[in-house]
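Visitor: Sharing a structure here in structure tokens format.
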Amino acid sequence: MSMAAPRSTVERLAPLILFAGYVALFIWGAIDPYDRATWWAENIPIVILVTSIVVLYLRGVRFSPLAYALMAFLPYWHTVGGHYTFERVPFDWFDRMFGFQRNMFDRIGHFSVGFYAFGILEYLLSRRAMSRTLACLFAVFAIAFVAMSYELLEWIYAAYGGNAQAGANFLGSQGDVWDAQKDMLMDTLGGITSVILFLVLRRGGRAVDSGAPA
């Protein structure tokens, strides 16, 4: 049995600070959102996601500070979108800068879903569960599967949720008939980008303390 290496101050504090920031942002977002039904629909999946990361942390699965920072982007971004609804987030400066005709806040949020591929790779390679090539493919495919599943969830809520306005806000298509396909593309591109980033930064492959003896 081998002992895990001592963790640095940054490794210990990064997930705690990021979690505290999320809690503060969640409280802000819960105060007088644009539409309460939309706020619930947008935040429930993110609360489940954050809770899952916390459970993993408590069970001894620890990621690198960079992986936690990447994983924090989506909950932060999504919580802001849930407060305003993604279509109404004050993001005009970005849209004007690049000449977009729609609010692109949600597209960036979808791209950040792919950031979780970084943490998936850390975990798989630390456990030596598969080869690096297969782990990279698995991470991208996992993100693509989540992207497809979330689009189905949006459709089900919009079509059968019983609140037409909240459903439209949650769907967030902004009149684009190809919105679901573009969202899935952004998720997957985010995953591919994260895998490339991992391969550039991590050469040894071991970046996670799984809490289990090696």
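The values are calculated or read from the model by the stated rules, or taken from the named source; none is laboratory data. Bear in mind that the values here come from a model prediction, so they are computed numbers and not experimental data. A quick note on method: Cβ atoms are made from the backbone with ideal geometry, for glycine too, and the neighbour counts reach across all protein chains shown.
Visitor: What number goes with the only condition from (1) closer than 22 Å to GLY119 by Cβ; (2) at pLDDT below 80; (3) surrounded by 17 or more Cβ atoms within 10 Å (Cβ to Cβ) that ALA139 does not pass?
Guide: Of everything listed in (1) closer than 22 Å to GLY119 by Cβ; (2) at pLDDT below 80; (3) surrounded by 17 or more Cβ atoms within 10 Å (Cβ to Cβ), ALA139 misses just condition (2).
Visitor: Picking from LEU25, LEU66, LEU56, LEU13, which residue would you name as being touching a Leu at 6+ places or on another chain (Cβ under 9 Å) and hydrophobic (A, V, I, L, M, F, W, C)?
Guide: Going through LEU25, LEU66, LEU56, LEU13 in turn, just one is touching a Leu at 6+ places or on another chain (Cβ under 9 Å) and hydrophobic (A, V, I, L, M, F, W, C): LEU66.
Visitor: Please pick out the residue among ALA67, ALA24 that is touching a Gly at 6+ places or on another chain (Cβ under 9 Å) and of a type in the set (Gly, Ala, Ser).
Guide: Result: ALA67 is the single residue among ALA67, ALA24 that is touching a Gly at 6+ places or on another chain (Cβ under 9 Å) and of a type in the set (Gly, Ala, Ser).
Visitor: Could we say that LEU70 is touching a residue at least 24 places away in the same chain (Cβ under 8 Å) and among the hydrophobic types (A, V, I, L, M, F, W, C) here?
Guide: Criteria met by LEU70.
Residue by residue, here is whether (1) within 22 Å of LEU74 (Cβ to Cβ); (2) of a type in the set (S, T, N, Q); (3) within 22 Å of the chain's Cα centre (by Cα); (4) not in a helix (DSSP H, G or I) holds:
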residue	(1), (2), (3), (4)
PHE94	yes, no, yes, no
MET97	no, no, no, no
GLN101	no, yes, no, yes
PHE111	yes, no, yes, no
LEU124	yes, no, yes, no
ARG128	no, no, no, yes
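Visitor: Pick from LEU49, LEU56: which is assigned to a helix (DSSP H, G or I), surrounded by fewer than 19 Cβ atoms within 10 Å (Cβ to Cβ) and touching a strand residue (DSSP E or B) at 6+ places or on another chain (Cβ under 9 Å)?
Guide: LEU56
Visitor: Among the residues of the range 102-110, is any at pLDDT below 95 and at positive phi?
Guide: Checked against the condition, which is being at pLDDT below 95 and at positive phi, the range 102-110 yields no hits at all.
Visitor: Could you list, ordered by first residue, the pairs with Cβ atoms under 6 Å in which the first is in the range 41-55 and among the acidic types (Asp, Glu) and the second is part of a helix (DSSP H, G or I), at least 6 apart or interchain?
Guide: Within 6 Å, the pairs are GLU42/GLY82.
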